[in-house]
1. Could you size up the charge dipole of the stretch 240-349 around its Cα centre, putting +1 on the beta carbon of Lys and Arg and -1 on that of Asp and Glu, and report it in debye to the nearest 20?
2. Rank THR247, THR115, THR20 by mean-square fluctuation in a GNM of the chain with C-alpha springs under 10 angstrom and give only the top-ranked residue.
3. How long are the semi-axes of the equivalent ellipsoid of the chain, defined as square roots of 5 times the Cα gyration tensor eigenvalues? Whole Å, largest first.
4. Can you compute the FRET efficiency between SER307 and ASP256 using 1/(1 + (r/R0)^6), with r the Cβ-Cβ distance and R0 = 22 Å? Round to the nearest 0.05.
5. With springs only between Cα atoms under 10 Å apart, run a GNM on the chain and tell me which of ARG315, ARG230, ARG178 wobbles the most.
6. Specify the residue with the greatest mean-square fluctuation among SER93, SER364, SER112, computed from a Gaussian network of the chain linking alpha-carbon atoms under 10 Å apart.
7. When the dipole is taken about the Cα centre of the stretch 75-225, and only Lys, Arg (+1) and Asp, Glu (-1) are charged at their Cβ, what size is it in debye, to the nearest 20?
8. Using per-residue counts of other Cβ atoms within 10 Å, averaged over each peptide, order 149-162, 64-77, 393-406, 46-59 from highest down.
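Values in this text are rule-based calculations from the coordinates and carry no lab data. It should be emphasised that the depicted structure is a prediction, and the values quoted were computed from it without experimental measurement. FYI the Cβ positions are ideal-geometry reconstructions off the backbone, even for glycines, and counts take in every protein chain you see.
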Amino acid sequence: MRLGDTDVPYSHEFKLLITTKLANPHYLPEICIKVTLINFTVTPEGLEDQLLVDVVKYEQPELEQQKDQLVVQLSGFKRQLQETEAKILKLVSEASDDILNDEELIITLDQSKETSIVITDKMVEAEQTAKMINENRESYRSVARRGSVLYFVVADLALVDPMYQYSLEFFTRLFNRRLDKSEKSEVLQDRLAILIADVTESFFLNICRGLFEKDKLLYSFLNAASVLRRAGDITVEEWNCYLRGTTTDFSSHTNDVAYLEEKTYHKLLGLEEAHFSFKDITKSFADAGDSATWKRILSAEEPSAISLPPLYEDRLSPFQKLMLARVLREEKLVPAIKAFVGAELGEKFTESPPFDLEGAADDSTPGTPVIFVLSPGADPIADLIALAQARGMGERIKILSLGQGQGPIA
């Protein structure tokens with residue numbers, strides 16, 4: 001093989017594997033035809049199906065086992081039909097000119113017909129059973145869907161800070177642990193509600209252990225927004241408008257509301273464009289009956305505590321009210337986000353959970369160490385020793401200082 005100007009000997013069994021974390025790498029056509037590209041990226045729908053298997057396997061193991069057996073059975077039935085058809089075609093192709101005198105072919109055709117009828121009946125029965133099993137499995141999909149939503153929020157945290165890296169293996173292990181530890185109930189709907197609440201809260205507490213304080217509310221907000229987006233309660237247009245504002249140039253529109261800044265007026269026009277619920281909101285600001293309420297919202301210390309004019313108070317969803325708050329009083333957005341998260345997920349998601357060393361130890365394994373990233377003045381050693389003693393492991397704990405000159409000792 002020639003590399004540059006040098007002939008290099010190589011083995012025909014040689015394989016070169018290259019991995020990349022790029023979501024959508026681009027290769028030149030001449031490279032693409034010489035390599036095999038495999039995309040291992042998990043998708044929301046794929047992860048949802050994967051978690052559904054875990055949920056059903058734990059909640060109704062016999063159902064998942066029956067489903068696996070049916071898949072094998074159906075595959076076997078289809079293979080038998082194909083083998084029968086292939087055998088008939090072979091005999092027909094090898095038959096003499098007078099097919100009616102070919103006794104083996106006639107017998108095989110009779111047997112094949114009987115076999116085909118039996119197999120077809122079995123396939124119909126198996127497919128009906130499979131349909132019933134799938135209907136029962138689907139009743140657990142809401143739990144798998146919530147798990148999928150939470151994972152992709154966690155995966156996207158790396159975009160906030162590169163230190164926030166969480167593997168799918170870690171996520172699925174924690175998800176399965178909650179299936180086992182969560183409260184049980186014989187009533188399906190109660191059990192589903194318990195699982196969804198437990199998985200959501202346990203992941204919030206677990207992930208918050210590894211987040212800087214400034215990012216915890218952002219994580220809560222992304223959880224609440226992602227749940228609503230997956231359910232279709234927040235549209236793509238609404239989400240993009242909240243994140244980026246309007247992309248339409250409204251500079252040619254005349255601001256006819258004296259107490260509104262030009263920039264704010266144009267942003268309101270962007271809201272009208274983003275969703276029909278905001279229709280004619282700029283006219284509401286100019287309306288004599290509504291303007292007093294809008295002025296109070298623009299000047300209040302706690303604008304989120306003031307009700308909107310009746311039409312918009314009833315019409316706008318909680319997230320749409322958050323979009324409006326971002327346009328009118330962006331400096332007061334953090335309290336508005338807290339109120340939004342509290343209403344959607346619960347008040348506990350608006351408060352920073354205290355560090356729980358015992359919980360961190362329970363969620364770790366002998367092969368998964370707990371790593372402390374310390375800031376000046378922070379020292380977890382006393383808590384660590386206390387936990388070791390409480391668990392009867394005080395004699396086994398070893399402490400090494402990695403200060404100057406301690407390298408050889410370590």
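1. About 260 debye.
2. Residue with maximal mean-square fluctuation among THR247, THR115, THR20: THR20.
3. Values: eigenvalues 567, 274, 156 Å².
Taking √(5λ) for each Cα gyration eigenvalue gives 53, 37, 28 Å.
4. On the way: r = 25 Å, r/R0 = 1.13.
The value I calculate is 0.35.
5. Sorting by GNM fluctuation, first place goes to ARG315.
6. Largest GNM mean-square fluctuation: SER93.
7. Values: 20 positive and 26 negative charges, 286 e Å.
Magnitude of the dipole: close to 1380 debye.
8. Numbers: 149-162: 16.6, 64-77: 14.2, 393-406: 8.4, 46-59: 18.4.
Averaged packing, sorted descending, gives the order 46-59, 149-162, 64-77, 393-406.
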